[in-house]
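Colleague: To start, I am sharing the structure in question, which I have written as structure tokens.
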Amino acid sequence: MTALSLRGLHKHYPNRPAILDGIDLELRSGEFFTLLGPSGCGKTTLLRIIAGFLTQDAGEVIADGERIDRLPPHRRDIGMVFQDYAIFPHLTAADNVAFGLKARGLPKTEIAARVADGLRTVRLSGYGDRLPAALSGGQQQRVGLARAMAIRPRLLLMDEPLSNLDAKLRIELREDIRDIQQSLGITTVYVTHDQEEALAVSDRICVMQAGRVEQVDTPYQLYRHPTRRFPAGFIGTMNFLPATLAEGGLLQGGGSAWQLPDSPAAGPVEIAIRPEAVLLDPAERATHPGLDLPGHVRKTVYLGREAQHSVTTAAGEVIVQVARPQPSALQAEGQAVLLRLPLAELALFRPDGTRVPLSL
């Protein structure tokens with residue numbers, strides 16, 4: 001069931017490139033949907049149009065079959081969690097959570113029950129009488145989350161709610177947010193520029209660039225099977241190496257060549273491969289056909305559960321990640337190595353950013 005439809009949304013400002021350039025999205029009921037992209041890509045503008053804080057130049061916002069972009073923000077039945085907490089400093093945690101309920105004129109008994117339930121859901125039972133100044137940043141953000149959920153909105157919007165927290169607290173709170181969202185089944189639109197955060201919490205992710213949608217997919221599909229060059233490079237670490245497709249499907253790069261089973265159109269391409277997919281071990285190379293690249297180790301970084309090698313090759317620098325490395329896998333700087341890029345792990349992208357379809 002579709003909970004939110006965004007149809008043909010455009011937003012422009014004078015003498016500037018389009019902030020939103022034709023956004024079409026469909027969100028499912030109960031889905032945790034993340035807008036991911038670099039600063040200035042339009043994700044926060046899109047969220048604010050959904051909330052009613054900005055007006056689009058063209059297009060429609062439809063929630064549960066109702067066109068809500070003609071309604072003022074307070075009539076859209078939307079909960080909002082902001083980056084800077086945005087809770088009232090002069091009100092206790094309980095009064096902050098109750099604010100939207102009082103504005104709706106609910107009975108006192110129901111307000112009290114919803115406040116208690118909201119604080120319990122965000123693990124702040126017993127903190128209701130505290131002012132924000134007596135709460136940590138993570139606790140204040142939990143109050144903001146409880147306040148947004150207390151009105152039982154049909155949509156929950158979250159604008160980079162964890163960006164002001166330290167790294168450890170961000171990880172803890174993102175898990176809490178995901179657990180709470182799943183337990184309540186509220187359709188959620190979440191904005192972040194943090195790739196790992198998006199992968200950890202989302203049912204689906206919309207990768208945006210320059211006001212346009214690059215790809216919408218599950219975290220797994222975005223990481224393993226990006227359909228365009230931008231999301232391939234934006235999510236996680238990706239090696240990109242220049243190559244050429246010759247007539248008849250001959251892939252040439254870094255002094256190596258391989259005959260592809262397909263015959264895609266000839267022309268320049270980029271080879272894309274994840275660091276963990278590049279092979280160093282001779283036994284693994286023997287069982288995975290692909291392109292071979294000789295090189296020299298420029299740097300090795302040991303990180304405990306993995307080692308990361310930066311290898312200089314004729315095609316460019318390649319990052320190689322080895323999981324659970326044994327001493328023999330810790331290559332010395334300057335050591336000559338032979339890399340294999342398994343064909344099954346390669347993606348090829350043309351200069352316009354589109355992916356070359358292959359049957360590997």
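Colleague: Restricting to the range 152-188, name every residue that is among the β-branched types (V, I, T), modelled with pLDDT under 90 and either surrounded by 20 or more Cβ atoms within 10 Å (Cβ to Cβ) or closer than 20 Å to L101 by Cβ (or both).
Modeller: Scanning the range 152-188 gives I177, I180.
Colleague: Name the residues in the range 54-85 that are closer than 30 Å to G137 by Cα and among the basic types (K, R), would you? Spell out the reasoning first.
Modeller: Our first condition is that a residue be closer than 30 Å to G137 by Cα; within the range 54-85, this holds for 54, 73-85.
Passing the criteria: R75, R76.
Colleague: If you check A314, A332, A323, which single one turns out to be among the aliphatic types (A, V, I, L, M), exposed (fewer than 13 other Cβ atoms within 10 Å of the Cβ), in contact (Cβ under 8 Å) with a residue 60 or more places away in the chain and assigned by TED's automatic domain parsing to the domain that holds A257? Give the steps one after another, and end with the answer.
Modeller: Details: A332 fails: in contact (Cβ under 8 Å) with a residue 60 or more places away in the chain; A323 fails: in contact (Cβ under 8 Å) with a residue 60 or more places away in the chain.
Being among the aliphatic types (A, V, I, L, M), exposed (fewer than 13 other Cβ atoms within 10 Å of the Cβ), in contact (Cβ under 8 Å) with a residue 60 or more places away in the chain and assigned by TED's automatic domain parsing to the domain that holds A257 holds for just one of A314, A332, A323, which is A314.
Colleague: A follow-up question, please. Kindly check whether there is at least one residue in the range 127-150 that is under 29 Å from V213 (Cα atoms), touching a Ser or Thr at 6+ places or on another chain (Cβ under 6 Å) and not in a helix (DSSP H, G or I).
Modeller: So far as the range 127-150 goes, no, none of its residues is under 29 Å from V213 (Cα atoms), touching a Ser or Thr at 6+ places or on another chain (Cβ under 6 Å) and not in a helix (DSSP H, G or I).
Colleague: List every residue pair whose Cβ atoms lie under 8 Å apart, where the two residues are 6 or more positions apart in sequence or sit on different chains, the first residue falls within the range 84-96 and is assigned to a helix (DSSP H, G or I), and the second residue, located anywhere, is among the basic types (K, R) and surrounded by fewer than 22 Cβ atoms within 10 Å (Cβ to Cβ).
Modeller: Qualifying pairs under 8 Å: A93/R130.
Colleague: May I pose another question? Specify the residue that is modelled with the highest pLDDT; the eligible residues are those in the range 1-26 that are of a type in the set (A, V, I, L, M, F, W, C) and in a loop (DSSP other than H, G, I, E, B).
Modeller: Here is the first cut: in the range 1-26, the residues of a type in the set (A, V, I, L, M, F, W, C) are 1, 3-4, 6, 9, 18-20, 23, 25.
Then drop every residue that is not in a loop (DSSP other than H, G, I, E, B), which leaves 1, 18-19.
On the way: M1: 78, A18: 87, I19: 94.
Within the range 1-26, the match that is modelled with the highest pLDDT is I19.
Colleague: Restricting the search to the range 259-317, which residues are among the hydrophobic types (A, V, I, L, M, F, W, C) and in a strand (DSSP E or B)?
Modeller: Passing the criteria: V269, I271, A272, I273, L279, L291, L293, V297, V301, A307, V311.
Colleague: Do you know which of the residues in the range 106-129 that are closer than 22 Å to R170 by Cβ and not aromatic (F, W, Y) is surrounded by the most Cβ atoms within 10 Å (Cβ to Cβ)?
Modeller: That would be G118.
Colleague: In this structure, does P289 turn out to be surrounded by fewer than 16 Cβ atoms within 10 Å (Cβ to Cβ) and touching a strand residue (DSSP E or B) at 6+ places or on another chain (Cβ under 8 Å)? Please lay out each step first, then the result.
Modeller: Values: surrounded by fewer than 16 Cβ atoms within 10 Å (Cβ to Cβ): yes; touching a strand residue (DSSP E or B) at 6+ places or on another chain (Cβ under 8 Å): yes.
So P289 passes the test.
Colleague: Only residues that are more than 10 Å from G59 (Cα to Cα) and surrounded by 12 or more Cβ atoms within 10 Å (Cβ to Cβ): list them for the range 8-31, please.
Modeller: H12, A18, I19, L20, D21, L25, E26, L27, R28, S29, G30, E31
The values are calculated or read from the model by the stated rules, or taken from the named source; none is laboratory data. Treat the numbers as computed from the prediction; the structure is a model and nothing was measured. Virtual Cβ from ideal backbone geometry, glycine too; neighbours counted across all protein chains shown.
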